[in-house]
Amino acid sequence: MSVPIDQISNSGGSLSSMIFDQYGYTVDSLSYVDSFLTVGVQTFMIDLYWNEFTQIWQLCPSPFPNNITSNIVDLNWNNKNYTCDTNLSTQMLMNRFENYISETNTNFEVNLITVLLNLKSIHYSISNMTLGYDSLFNYTISGNSTLNSTFSSLGTYIFTPEVLQDYRNTIGSTSAPISFYNQSIAVMPSLHTVLYTELRRVMINVVSDELVDSKLGYNITSNDKLGIFFDDTLQTSIKATNEESMNMLCDNLVDNFNISTTNFRFIIDNDVDPFTLTSVRQYIRCGLTPIFNATTYTVNSTRISDLGQIFNAFIPFSLWSWAPFQPAMPTYINSTSSSSTNGTVPYRCVVLNSNGWEVANCYDSYSYACQNETSPYDWIIDLEKKKSYVDIQHNDCPDGYIFSLPRSNGEMLSLLHVTDNDTLPIWIDLNDLTVENCFVYGGPYAQCPYQKTITTNTFVRAIAPSAVVGVVILVLIFMEKVFRVNPIQTNRKRYWKRALQDYYEKNDYEGVPS
């Protein structure tokens, strides 16, 4: 896939607001991080605190007093209450990422985790210093004294600024033409390159720096910038849902989209303006990665705050491609198609509808999407031409165009931009005809890369030689059983037969002995 990583959007979550603030900054709360990873969350916003008392990085927003008597304590800092665990460390959080990466480090499950850092300070003023604050809150927990070492356990899994620069140098030194997606002044590799060529799984990006400039404050070093991206090495845009400019962002994206000035784009919600099922899908389609940051959400007029309920409600709406709850067989199937066999209609091909991709009957006739081979945002749909999916040929599209499918949210938006309710649905080049639930492009005979398919003819040709050999062996075994002559047994029978004959000849009496 040639789409650069800065033009790929998915869903993310703020660990502080959705997990730690609600369930406590404790070791047990890390199980919710596992849940985030399991359901497919790939972007994590983490508030990381520099403790000026102990000179280490930590997750808890408050320092620990010296007089604590248990591991889990209730703390108050800057007029806010927190429940924190002295055993919780940044390394424990990194261990969760490491375990997930190890378990999913396969060609089929591999993905890229993005960590967004908000750097903050646990700061006390000089006036408080004179009151002895520095001695009251110097309880030390496990942690790292540098930002880079906080993530060092992830090792070579980290996609670093150095790796990015090496990639850019390689691209710049080749004479190969830069693809449509690499026209940006900040050239980024594709997801395929990051995962399968560079073998990287994590990208760490500082998106806000609220560190207090003080004598005991933390100073970003050149060593930190070796493994972590900052604004000067990776341009990132973060918007809030309650910003006025967001209302027009999606409407203008296609018309005003500039491929040469793209960057990582995130949208974060809050309790004032939390995501809805409709808005989160709209943001993802617009090329934004939504960061769930609110504490409660309204779904079907019901307010929910439980993480499990939030996941179940929003996950079906968190894809720019598939319509909610797709792919799935329609609840009502009209089996009157002339190509149906035994009442079964082959719902194994995909159409684009207003809600996204949907599974459809491969033998129904619709118009089809033709994409410009060199400019993926350019589509043609001939409403006069309608065919079934299996009948669409390569030359059915105009010169320079091919029957294709959107490979990014930008391509999806540009395709929807040239359609309307009268045009839809239209065929896109996607099906799972060869292997069920393995959707591939390339027409009805495209092969699933994860499972080989064997037709009846192929199967017969494959087993024919071994079957012939097997029959010959069985015939030889039968002949050996029927016609076998054992030399030892045959000679033994002849010997006794001759011996008895010689005995009778020597002792042969005529008449009856007296």
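Rule-based calculations on the coordinates, nothing more; no lab input. Note that the structure is a prediction, hence the values are computed from the model and not measured. Counting neighbours? That spans all protein chains shown, and the Cβs are built from the backbone with ideal geometry, glycine included.
Some values worked out for this structure:
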item	result
Positive-end residue, the range 20-118 charge dipole about Cα centroid, Cβ charges, pick of Leu93, Asn111, Pro61	Pro61
Gain upon complete extension [Met92, Phe108; 0.36 nm per residue less C-alpha separation]	3.1 nm
The range 324-453: relative contact order as a whole-number percent, Cα under 8 Å and 6+ apart	23 percent
Using θ = phi - 60° and Karplus 6.51 cos²θ - 1.76 cosθ + 1.60, couplings along the range 192-197 (whole Hz; Gly, Pro as x)	4, 5, 5, 7, 9, 9
Long-range HN-HN contacts of Asp429 with modeled amide H, under 5 Å	Ser404, Leu405
Length added when fully stretched, Asp273-Ile238, from 0.36 nm per residue minus Cα-Cα	11.1 nm
Estimated vicinal HN-Hα couplings, Hz - the range 98-112 in sequence order (Karplus 6.51, -1.76, 1.60; Gly, Pro = x)	4, 4, 5, 4, 5, 6, 10, 7, 10, 4, 8, 9, 4, 8, 10
Cα-centred dipole magnitude for the range 69-123, charges only on beta-carbon of K, R (+1) and D, E (-1), debye, nearest 20	280 debye
Residues of the range 37-64 with amide N under 13 Å of the 7 Å Cα→Cβ point at Tyr23	37-39
Net length gained if the chain between Ser375 and Asn78 were fully extended (0.36 nm per residue, minus Cα distance)	101.6 nm
